[in-house]
Amino acid sequence: MKILSLHVDYIKFRALKKALKEPEKLTEEEKKEKEVREALVIFVAVEKSDSNLAAEKLVKEIKDIAKQVKAKTIVLYPYAHLSSNLANPETAIKLLKETESQLKKDKKFSVIRAPFGYYKKFELKCKGHPLAELSREIMSGKEGEEEKEVYDYKKLLKEISKTKLDISKLKKNDHRILGQQMDLFSFNETAPGMVFWHNNGLIIYNELIKFWREIHTKAGYKEIKTPQILDKRLWQISGHWEKYKENIFLTEYEKRIFAIKPMNCPGGMLVFKNKPKSYKDLPLRVGELGVVHRQELSGVLGGLFRVIQFTQDDAHIYCEEKQLEQEISNIMELADKIYKKFNLDYYVELSTRPAKRIGTDEQWNKAEKILENVLKKKKMKYKINKGEGAFYGPKIDFHIKDSLGRTWQLATIQVDFAMPERFDLTYTDKNNKKKRPVMIHRTLYGSLERFIGILLEHTKGNLPIWLSPIQVRVLSFTDRNIKAAKEFYEKLKSEGIRADLDIEDKTINNKVREAELMKIPYIIVIGDREIKEKTIAIRHRGEKLRLGVKPEDFISEIKKEIKERK
């Protein structure tokens, strides 16, 4: 519970309209404005943890303050402290009524309680002496002791173990089925919309990041990493608080409100501001593989395609206005390079200013014209997506079609004149004058989670070898061949190839079938003939069995394939 006490010359208050569906009922007299003079006003916010708090504790605090300021009249005034931890209305009104009743039993005090469950207006004049303004926090439970929580851990474990995938309505190549089959990831209701990456899935995730880092390093990008939790004020400056608050997870620390970041850009701008910049530093290309969280309704969550926690391959480019078109063109070439690598066809849309936006019309006119100029110069077909730009700038969006004909937005390129102004970003030009950079926000994969889901379905789980969690599985034909199979498996591992081994007592057909279900690109069989001829038998995905292959030739061939990311 939090209380704010004010010793006042007077307070006037009146209920205006309902704040709850069922506020306490008021008589006609109680609906009129009330004025109380020479009073101690106690603003009370009742929280969830106060359900076991006795009114006696609050009464004791009020009497203690009243004694110090020599007040005889007390006004109990309910209010909603800025907290996600407020008690339900029934708990709050019950506690306030009990407090009022107990205070009235003491004949020394005259007690008035402001209406509960209404939006109210009030006016007061505070006395201004040292004790006139006091705030206190009243804790439930015994002083200095934590209240013990009673729970049944066995029951809780059963409750969180219930999450199962219903595959009855899913197609065979649905990424959720492939995720189970290939042991890539799982979900659990303890963290709705958040991925539990298994070792195999994390290999895919990390290989995509490795590829991303390589092409971005060659393209002149620097990489940063910013905190997950940032002060509310940062999001008010950026405009996300006003436009996006309902999608942000909030937390509290030392009576400050923090946001679990839904975007990476505000943190990135603080990095830019940390050190003075010159025109020689521009264009400055800064990438961040940032983990973000956005609130979604549970009903719209769907595997990797719609999640609450995801990794955005963000980058922000700070440049001069004259550099904008070239930088946008460079980004489009990077996007094209990535999508061609995965044989993904795409089309683009130009999304223009939304109704709710920041920045001036002049800035929006300029930004939209620049994006359109680049599209025309590159002779790209595009569709105008009216009113669907970001709230800070227009954008070019890249859309791909998945194997089921659904379209997904992946890359986005957004021109932003407004944020650099709000964050007061500057650089020094050739004439030593302060100038404002223009900012480009962009992603290429978009969400790494969604991109992996699309790839799994697009390839039916048959990922290219460089992305495959297990690149080679070595099988022994009989028990006689186990030693040779182990030796070749160890050789593959020493060459940096992701290999595993199946020497179980099963038929070779069963072993091959299990490897195929795991979508392993290369299956190596070693039998008596292979040992005698010092060769291996290879079954490559979708091809006939190759016999008599020299082990060193296969290793050379597969390493080349992995290196070239074929």
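Quick look at the values:
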| read-out | value |
| --- | --- |
| Mean shadow area of the range 83-124 over all directions, Cα convex hull, nm² | 4.2 nm² |
| In order through the range 529-539: 3J(HN,Hα) via Karplus (6.51 cos²θ - 1.76 cosθ + 1.60), integer Hz, x for Gly, Pro | 4, 5, 5, 5, 8, 6, 10, 9, 9, 10, 10 |
| Ranked packing of 288-294, 124-130, 208-214, most packed first, by mean Cβ within 10 Å | 288-294, 208-214, 124-130 |
| Ranked packing of 372-378, 296-302, most packed first, by mean Cβ within 10 Å | 372-378, 296-302 |
| Per-residue Cβ neighbour rank within 10 angstrom, fewest leading, ILE11, ILE160 | ILE160, ILE11 |
| Difference of contour (0.36 nm per residue) and Cα-Cα distance, THR426 to THR27 | 137.6 nm |
| Along each principal axis, Cα extent of the range 354-492, largest first, Å | 78, 42, 29 |
| Principal-axis tilt of helix 361-377 within the chain, Cα atoms, nearest 10 degrees | 10 degrees |
| Overall Cα dimensions of the range 284-391, principal axis frame, Å, largest first | 42, 37, 29 |
| Ranked by how many other beta carbons lie within 10 Å on average, peptides 512-522, 36-46 from highest | 36-46, 512-522 |
| Hydrodynamic radius of the range 243-318 per Kirkwood, over alpha carbon pairs, in Å | 14.7 Å |
| Shape category assigned to the range 472-563 from the gyration tensor of Cα positions, a/c cut at 1.5 | rounded |
| Within the chain: Cβ-based charge dipole about Cα centre, in debye rounded to nearest 20 (Lys, Arg +1; Asp, Glu -1) | 1080 debye |
| Kirkwood estimate for the range 2-137, i.e. one over the average of 1/r between Cα atoms, Å | 15.2 Å |
| Vicinal HN-Hα couplings computed from phi for the range 35-44 (Karplus, 6.51 cos²θ - 1.76 cosθ + 1.60; Hz; Gly/Pro x) | 10, 10, 10, 6, 10, 9, 9, 10, 7, 10 |
| Extension gain, LYS486 back to ARG541 (0.36 nm per residue minus Cα-Cα distance, nm) | 17.6 nm |
| Residue-span extension gain [LYS383 to GLU56] - 0.36 nm each, minus C-alpha spacing | 111.0 nm |
| Exposure proxy order (Cβ contacts within 10 Å, fewest to most) of VAL8, VAL271 | VAL271, VAL8 |
| Computed [θ] at 222 nm, helices only, for the chain once each DSSP H run of length n ≥ 4 contributes -39500 (n - 2.57) | -10000 deg cm²/dmol |
| Between helix 55-69 and the chain: long-axis angle, C-alpha atoms, 0 to 90°, nearest 10 | 60 degrees |
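Just so you know, all these numbers are worked out from the coordinates, no wet-lab data involved. From a predicted model like this one, the values you see are computed outputs, not experimental measurements. Virtual Cβ from ideal backbone geometry, glycine too; neighbours counted across all protein chains shown.
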